[in-house]
Amino acid sequence: MAATVPFKAVIMGAPASGKGTIASRILKNFSLGYISSGDCLRRQIQQNTPIGLEAQKYINQGKLVPDDLMIKFITDEIKKLNTEAWLLDGFPRTLSQAQALWKVEKLDLAINLVVPFDVIIDRTKGRLVHLPSGRVYNQGYNDPKVPGKDDVTGEPLVQRNDDKPEVVKKRLEQYQQQSTPVVEFFKEKDILKEFHGKTSDEIWKHVLDMLIRYLPVHIKSQN
Ligand code: G5P
Ligand code: MG
């Protein structure tokens, strides 16, 4: 098997800015390992693990899970990936997390999605997720083929507990407080690329152009 060329990237952005949607398109086109902090936490909650039970208290209120728990959890998940080419979605979210990650992993790229908050609030109302895989759907944007069922497994889709309007408002407030220092941190490291737009389709075109220039070695053959 060919040795993996290291490539370490993060995708950031407000709640429901399209991190998961853009990440899934990146993974279709490029061979990268992938960790979504939110998907990993939701799986822990579903399995009633100690981490899940602890994280649930914060997630259901729209609060961030404490840094010490998150840093340990995600750095352990990175070790399990078994590749040096990967994409993190939703981590880091605070300056402490960014600094802790940088100590153990020097990143190559930080993608930041900038989507207006009114667009985001509308999206969360129609979001449905398949919890085991993290696949996301949206009524009227990317509907499942059969209403209420995951396209791949046929299993039921659910609304996330933290997509209730009052919790979404909290998540956006939290994001406003925490995100600027993280964005500044990656700007100083000279790895930040920002993408503005109202739809994932328009943002994706620019992300794809940038990635083709950045990591042609990881492009999947399309046959
Ligand atoms: P998550 O799971 O990381 P968020 O809040 O950062 O949660 P989220 O909600 O998962 O982010 P996203 O991945 O950015 O959003 O967006 P998405 O799912 O792709 O798209 C949102 C919806 O819009 C979907 O239904 C999609 O189909 C639709 N959509 C996408 N593009 C378009 C479009 O162009 N048009 C339309 N109409 N629809 C579109 O974290 C959850 C919680 O876990 C904890 C926190 O409590 C957090 O709140 N957590 C952490 N805590 C501390 N530190 C960390 N690092 C943490 N990570 C997670
Ligand atoms: Mg997500």
ask   = Is it the case that some residue within the stretch 133-150 is over 27 Å from Phe195 (Cα atoms) and touching a residue at least 24 places away in the same chain (Cβ under 8 Å)?
value = no
message = Just to verify a result, which residue in the stretch 68-108, among those that are closer than 19 Å to Glu188 by Cβ, polar (S, T, N, Q) and part of a helix (DSSP H, G or I), is nearest to ligand 1 (Cβ to nearest atom)?
response = Gln97
task = Would you check if there is a residue in the stretch 83-91 being of a type in the set (A, V, I, L, M, F, W, C) and over 22 Å from Leu27 (Cβ atoms)?
result = no
key: Val114 vs. criteria more than 9 Å from ligand 1 (Cβ to nearest atom), open to solvent by 10 Å² or more (accessible area, probe 1.4 Å), touching a residue at least 60 places away in the same chain (Cβ under 8 Å) and of a type in the set (A, V, I, L, M, F, W, C)   = yes
task = Determine whether Gln46 is touching a Gly at 6+ places or on another chain (Cβ under 8 Å) and in contact (Cβ under 8 Å) with a residue 24 or more places away in the chain.
result = yes
inquiry  = Need pairs with beta-carbon distance below 9 Å; first residue within 18 Å of Tyr137 (Cβ to Cβ) and within the stretch 19-39, second more than 7 Å from ligand 1 (Cβ to nearest atom) and among the polar types (S, T, N, Q); sequence gap 6+ or separate chains.
reply    = Asp39/Ser133
remark   = Residues in the stretch 125-157 that are of a type in the set (A, V, I, L, M) and over 20 Å from the mean Cα position of the chain (by Cα) total 2
ask   = Of all residues in the stretch 137-167, which are aliphatic (A, V, I, L, M) and open to solvent by less than 50 Å² (accessible area, probe 1.4 Å)?
value = Leu157, Val167
task = Being open to solvent by less than 10 Å² (accessible area, probe 1.4 Å) and free of Cβ contacts under 8 Å to residues at least 24 places away in the same chain narrows it down to one of Ala55, Ala85, Ala14, Ala98, so name that one.
result = Ala55
task = Residues being away from ligand 1 (no atom under 12 Å from the Cβ) and surrounded by 18 or more Cβ atoms within 10 Å (Cβ to Cβ): count how many of those fall in the stretch 117-136.
result = 0
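The values are calculated or read from the model by the stated rules, or taken from the named source; none is laboratory data. Bear in mind the structure is a predicted one, so any value in this text is a computation, not a measurement. When we count neighbours, we look across all protein chains shown, and the Cβ atoms used for this are built from the backbone with ideal geometry, even at glycine. Surface areas here come from the heavy atoms of the whole protein model, side chains and all, with no ligands, DNA or RNA. Shrake-Rupley method; radii C 1.70, N 1.55, O 1.52, S 1.80 Å.
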